[in-house]
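A.B. asks: First, the structure itself, so that you have it in front of you.
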Amino acid sequence: YRQQKKRISQIRCILKYSDKSPIIETIQLLSTPGSKVGWRFSRVVHECSRPGHLIFLTRYGILTETEALRAEVGGLPLCRLFLHDWKQ
């Protein structure tokens, strides 16, 4: 019986501020441990036309909507970021 080493995964998030207010206004979670639904590429194309910026978990790792469109892949939508109006 072999003991497996534990993998530690991390996501580093750097928050950016402008004039003492955060650039990211809202983060909407799209997938939770209880409800994981993958999107095909056609749905990614459709959802990218809506407001906000999407973050996906794909077979290539974590990608932004622009990277997922360029790679023409679908995946698990993690969240949608909404920026301040002056930053969009």
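A.B. asks: On a full-extension model of 0.36 nm per residue, what is the gain between S18 and V45, subtracting their alpha-carbon distance, rounded to one decimal in nm?
C.D. replies: Full extension of this stretch gives 6.7 nm more.
A.B. asks: Which of the trypsin sites (Lys or Arg not before Pro) found in segment 50-88 are in a DSSP loop and have at most 13 neighbouring Cβ atoms, other than their own, within 10 Å?
C.D. replies: Sparse-neighbourhood loop trypsin sites (Lys or Arg not before Pro): R59.
A.B. asks: What length, rounded to one decimal in nm, is gained on full extension from L83 through to Q28, with 0.36 nm per residue of separation minus their alpha-carbon distance?
C.D. replies: 18.6 nm
None of the figures in this text is laboratory data; all of them are computed from the coordinates on show. Everything quoted here is computed from the prediction, not taken from an experiment. No Cβ is skipped: glycine too gets one built from the backbone with ideal geometry, and neighbour counts run over all protein chains shown.
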